[in-house]
Amino acid sequence: MGAWLSMAMTEKITIATPEYWAEACKHLIKKDRVMKRLIPQFGEASLQSRGDAFVTLARSIVGQQISVKAAQTVWDRFSQLPRKITPANVLKLKVDDMRAAGLSARKVEYIVDLALHFDNGALHVKKWSEMTDDAIIEELVAIRGIGRWTAEMFLIFYLMRPNVLPLDDIGLIKAISLAYFSGEPVSRSEAKEVAANWDPWKTVATWYMWRSIDPIPVEY
């Protein structure tokens, strides 16, 4: 799943699981032969959401194009700079201090831009629950350093939207190739055709596809 990383949080966090999970699993088992075999293998495990929106997106920026271990180290250093990671507190930090924590000049710019979007009300955080997936993606990709893939991961792992299909995700495409095409290369259109069976629970099916190639769930 690329650079969307599992990182330890020093603050107390609330873990949430989707209310729709059992219903979605029942539907997928009935509709899809691979899901019928795959879902029972993982028992009660399910998607989990934790943290807050700003921290989740800031961590995604920190983790871009570096290893999980390196990202963890940088995040640990960066998260100790303010008393608490909030947009307002991040905007008070000195660039030199953020660079000393291990952030590149570009990532400093991205995180500052992210903080500005949250702080000045450019993001409609309180309205996200009423907005469509595409509308939220459009809002997020306007932030420097956040592309469609990161926005889709945010929809899945933070907002827990039920019907997200991240076709740019290498892990998902690999899993579909192995499970449905005997390891043969898979095009986006072929992946979409497979996923048509998963509607309206593409997020849940995607989560199980990830599990099929990495049995340990990623936590965010």
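The values are calculated or read from the model by the stated rules, or taken from the named source; none is laboratory data. Worth saying up front: this structure is predicted, and the values here are computed from it rather than measured. Here the Cβ positions follow ideal geometry from the backbone for every residue, glycine too, while neighbour counts run over all protein chains shown. When the accessible area is computed, the model is the full protein with side chains, heavy atoms only, and any ligands, DNA or RNA have been set aside. Shrake-Rupley method; radii C 1.70, N 1.55, O 1.52, S 1.80 Å.
Annotation: aspartates and glutamates with alpha-carbon distance below 17 angstrom to residue 107 (same-chain offsets under eight excluded): 76, 96, 97. Over the chain, with every protein chain in place, what whole percent of the accessible area is carbon and sulfur at 1.4 Å, could you tell me? About 51 percent, which is the carbon plus sulfur part of the accessible surface.
Please compute, over every Cα-Cα pair in the chain, the percentage with a separation greater than 31 angstrom. Taking all Cα-Cα pairs of the chain, the fraction more than 31 Å apart is 23 percent.
The HN-Hα couplings worked out from phi for the range 197-212 by the Karplus form 6.51 cos²θ - 1.76 cosθ + 1.60 (θ = phi - 60°) are 5, 7, 4, x, 10, 5, 4, 5, 5, 4, 4, 6, 4, 4, 5, 5 Hz, whole numbers, x standing for Gly and Pro. With 5 Å bins beginning at zero, the pair-distance distribution over Cα atoms of the range 117-158 amounts to 5, 24, 35, 28, 8, 0 %. Taking every protein chain into account, the accessible area of the chain amounts to 52 square angstrom per residue (probe 1.4 Å). Against the longest principal axis of the chain, how steep is helix 53-62, in degrees 0 to 90 to the nearest 10, with axes from Cα atoms? The helix 53-62 is inclined about 90 degrees to the chain.
Counting only lysines at least 8 places from residue 30 when in the same chain, those with an alpha carbon closer than 24 Å to its own are 174, 192, 202. Candidates 157, 146, 181 compared by Cα position along the dipole of the range 130-220: farthest toward the positive end lies 181, with charges placed on Cβ. Across the range 14-164, the mean sequence separation of Cα contacts (distance under 8 Å, 6 or more residues apart), normalised by length, yields a relative contact order of 23 percent.
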